[in-house]
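Novice: Have a look at this one.
Every number in this text was worked out from the coordinates using simple rules, so none of it is lab data. Computed from a prediction, not measured in an experiment: that's the story for all the values here. Heads up, the Cβs are rebuilt from the backbone with ideal geometry, glycines too, and the neighbour counts pull from every protein chain shown.
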Amino acid sequence: MTSKITGTFQDFRDRPRVQTRIAIAAVTKKTTATNKSLNNVRGRPARPTLRRVMNEKQIKLARHALGLPQPNKTSYRNRFYVSGGNVTDWLEMKSNGHADNVYEHYWLTPAGAALALLPGEKLDREDFPKGAK
């Protein structure tokens, strides 16, 4: 259903609520689409998108970093010290936006930790402070 938006906000008061919501949604969609196209025209780089998948080994490493599985189904840490052959997996997770590091110490971002959880499990908020990436 397409409707042409004309008039002022005075016109919106005379319409039923459903029509007003549809009209406002149409304007919002058009504005959002225009802004997205303008960002690319203005030479701004597109926002990087996170890969939404981890391979089986990366999920196993991420769950170990979170201290899962636990009887209470809540993570209790968010750290991993890399030694040996796990470096490539953690570097790939970092490049995908799922982890971060300082030297050999890695931790998961909230997005990466969410990918490692099984249904019914949750993250301890203490391990993910607000200032973290």
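Novice: What fraction, in whole percent, of alpha-carbon pairs in the stretch 56-127 exceed 22 Å separation? Walk me through the intermediate numbers first.
Specialist: Values: 356 of 2556 pairs.
Value for the stretch 56-127 (Cα pairs over 22 Å): 14 percent.
Novice: Ranking 94, 122 by Cβ neighbours within 10 Å, fewest first, what do you get? Before the final figure, lay out the partial values.
Specialist: On the way: 94 15, 122 11.
Ascending Cβ contact count within 10 Å gives the list 122, 94.
Novice: Calculate the spin-label point distance for residue 74 paired with residue 53, positioning each point 7 Å from the Cα along the beta-carbon direction, and give it in nanometres.
Specialist: Distance between the two pseudo-spin positions: 3.4 nm.
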